[in-house]
1. For the list (1) loosely packed, with under 15 Cβ neighbours inside 10 Å; (2) free of Cβ contacts under 8 Å to residues at least 40 places away in the same chain, I need the number of the one condition that Val277 fails.
2. Inside region 233-243, can you point out the residues that are crowded, with 16+ Cβ neighbours inside 10 Å and touching a residue at least 40 places away in the same chain (Cβ under 8 Å)?
3. Among all residue pairs at least 6 apart or on different chains, which show Cβ distances below 8 Å where the first residue, located in region 432-451, is assigned to a loop (DSSP other than H, G, I, E, B) and at pLDDT below 85 and the second is polar (S, T, N, Q) and open to solvent by 30 Å² or more (accessible area, probe 1.4 Å)?
4. What single numbered condition from (1) under 32 Å from the mean Cα position of the chain (by Cα); (2) assigned by the TED database to the domain that holds Pro194 fails to hold for Ser301?
5. Output the number of the condition that Ser216 fails; it satisfies all remaining conditions of (1) surrounded by fewer than 16 Cβ atoms within 10 Å (Cβ to Cβ); (2) more than 25 Å from Val405 (Cα to Cα); (3) among the polar types (S, T, N, Q).
6. Any residue in region 356-381 that is farther than 26 Å from Phe189 by Cβ sitting within a Cβ distance under 7 Å of a residue that is charged (D, E, K, R) and part of a strand (DSSP E or B)? List the pairs, counting only those 6 or more apart or interchain.
7. Take region 363-401 and flag every residue that is open to solvent by 10 Å² or more (accessible area, probe 1.4 Å) and assigned to a strand (DSSP E or B).
8. Among the residues of region 277-329, write down those that are in contact with a strand residue (DSSP E or B) (Cβ under 8 Å, 6 or more places away or on another chain), in a loop (DSSP other than H, G, I, E, B) and not β-branched (Val, Ile, Thr).
Amino acid sequence: MIASDQRVEKKKRRSQRRKVTYVSRHFTEDSSESSGASSQTGRELDHALKNVSTAVDDIRKIVRAELSTLGSPQQASRPPPNHGPRVYHGINIDDLSSDSDLTDVPDDIGPDPFLSAHESSLSKVQAIKVKSKKPARRPTKSPYFPHPHKHRPTFLSTLPFPPLSHETFGLMQERLAHDPFRLLIATIFLNKTPGERAMPVFYQLMSRYPTPLALSKAQVGDITSIIYVLGFQNQRARKCVAMARAWVERPPERGKRYRKLHYPTKGDGKDVGVDEVIDDDETDARVAWEISHLPGLGPYSHDSWRMFCRDELRGLSTGWNGEGRNSSSSHNDQDYHEYEKPENKTKTKNFEPEWKRVVPLDKELRAWLTWMWMKEGWVWNKETGQRLKASDELMATANGGGVVVEEKDSDHLIIVKSTDIEEKKATGLSGIKKVEHPAGDFLPSASSNEI
């Protein structure tokens, strides 16, 4: 019964306890005071904190003694003492709760009960200014490349430039001009591949599959095993077999032209149906070509075929430069500009080879056209196809041969003498390590008919 009365009394005292509001002594309500505290204030604060620490230690000892007394059986039967609140060092220990978890952080952080109002007002928040370190500057010079950075050259290609007296420039297309099927297969191999790698593989493939019919019956896997060293072997093998099958079913014919979208310029071919066949009617100015129905042929293939094979297919000559041309043509000197834009279309009876109307992007074809136009005394613009009369000095250089250089920001290819190549390296053409060779230099020495 006595124990029950003690529990009731204890609960009653707990309900009467005031709520303790905790306040950190490091953060005060008055943040508008000046941040600088005098040394006297600091000593007073240290003395007050030392007294509070001593008082807390004494209170802890008393609380532990009282708790041990209340926990013993003899003391539990005693009646509750009849005295007032127990105050030590100004602190009522009866108001201290012992059933809270010390790890719990109070939700409301209020004034610190161990500090007087005067001491609390003396504590100030001082912002400590930390000097931030600037990020380390990244080195501008790589430790892995000790040499200074060299300016990247602006040239795009360098090719041998034969003297104008030579009959051929040295292109692969010149040797395969009378065999358009093999010429188109070679262009598939030369796409994004140098001739020194592509042409030996092309020769090996043609030795095993010498005709369009033989290649059309080949398995794609067999082609892949031959051309795998070139890269993109699966895609190229499928193109070769598909092109051979389309050639066998419907070879290119004179008077049958097909759509090639956006060739030679953007927008060309949009007015031609996908499966539409256009004849050589002079009134039809739509752009179409005799080989555009064959799969796997891009602009490079079309440029090469137009420059070296189209005139022969159409019966206009026996070569790319009007060879075998006579005045009694079966086409009655029809308009050879019929596939140009209508506004540029002019009817003439003067034969003009197809290569003169081609403006290719390939570096070897550009070099060949520069050489061919120089034979006639013209400087050819590789961007527009326009031409200007060549100077005597330039013609003298071209007659002696040398190296043709294509620069990035130049509209015309530059002809450099072979003896001056080292001097040119130091004066604007720095970075030239070697002169590239056209793909035809890597074909076997046998004639194109024996390949």
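The values are calculated or read from the model by the stated rules, or taken from the named source; none is laboratory data. Because the structure is predicted, anything quoted here is derived from the model rather than measured. In this analysis, Cβ positions are derived from the backbone assuming ideal geometry, glycine residues included, and neighbour counts consider all displayed protein chains. These accessible areas exclude ligands, DNA and RNA; they are computed on the full protein's heavy atoms, side chains included. Shrake-Rupley method; radii C 1.70, N 1.55, O 1.52, S 1.80 Å.
1. (1)
2. Hits for region 233-243 are Arg236, Lys239, Cys240, Met243.
3. Ile451/Ser207
4. Every listed condition holds for Ser301 apart from (2).
5. The number of the failed condition is (1).
6. Correct list of pairs: Trp373/Arg387; Gly377/Lys389; Trp378/Arg387; Trp378/Lys389; Val379/Arg387; Trp380/Arg387; Asn381/Arg387.
7. Of everything in region 363-401, those that are open to solvent by 10 Å² or more (accessible area, probe 1.4 Å) and assigned to a strand (DSSP E or B) turn out to be Trp378, Val379, Asn381, Arg387, Leu388, Lys389.
8. Asp279, Asp280, Asp284, Arg286, Ala288, Glu290, Ser292, His293
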